[in-house]
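To start, the structure itself, in structure tokens.
The values are calculated or read from the model by the stated rules, or taken from the named source; none is laboratory data. Because the structure is a prediction, the values reported are computed rather than measured. With ideal geometry, Cβ positions are generated from the backbone for all residues, glycine too; neighbour counts draw on all protein chains shown. The protein model used for the area step is the full one, side chains on, heavy atoms only, and it has no ligands, DNA or RNA in it. Shrake-Rupley method; radii C 1.70, N 1.55, O 1.52, S 1.80 Å.
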Amino acid sequence: MTIGELQENGSFNGTYLTAVSMSPKKILKSPLLGFQHHTHQPTFGFTVKWTFTNTITVFTGQCFVDDEGKEVLKTMWLLRLDADSEKHNWNATLVGINIFTRLHSQKE
């Protein structure tokens, strides 16, 4: 995941990169949009609109910073599948967790 510059109002955008089961050798990009609070260990939320399927995932969580400045994003997510009818709505939302850490570029 790559997140762009945080705006004054707390908004941000970026790109989510994922290897998906339907294309295991290919990394696919999807846009993300989100908001966070301007605090030392901010809470945040963002939405990913997957480009390869009719699904949406929303993530919410908090960025924790340890005493050495290392950041970790702890999130929970809801992935909404495209149900073909209301009677299939009951199993169209998946729930999970993800933990993200910062990968520094070789320039850093």
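Restricting region 64-103 to residues that are touching a residue at least 24 places away in the same chain (Cβ under 8 Å) and outside any strand (DSSP E or B) leaves a set whose member that is nearest to the chain's Cα centre (by Cα) is 102.
So which of 83, 92, 19 ends up being touching an Asp or Glu at 6+ places or on another chain (Cβ under 8 Å) and small (Gly, Ala, Ser)? One residue alone meets the criteria, 92.
Kindly indicate whether any position in region 21-33 is of a type in the set (Ser, Thr, Tyr) and open to solvent by 90 Å² or more (accessible area, probe 1.4 Å). Yes, region 21-33 contains a residue that is of a type in the set (Ser, Thr, Tyr) and open to solvent by 90 Å² or more (accessible area, probe 1.4 Å).
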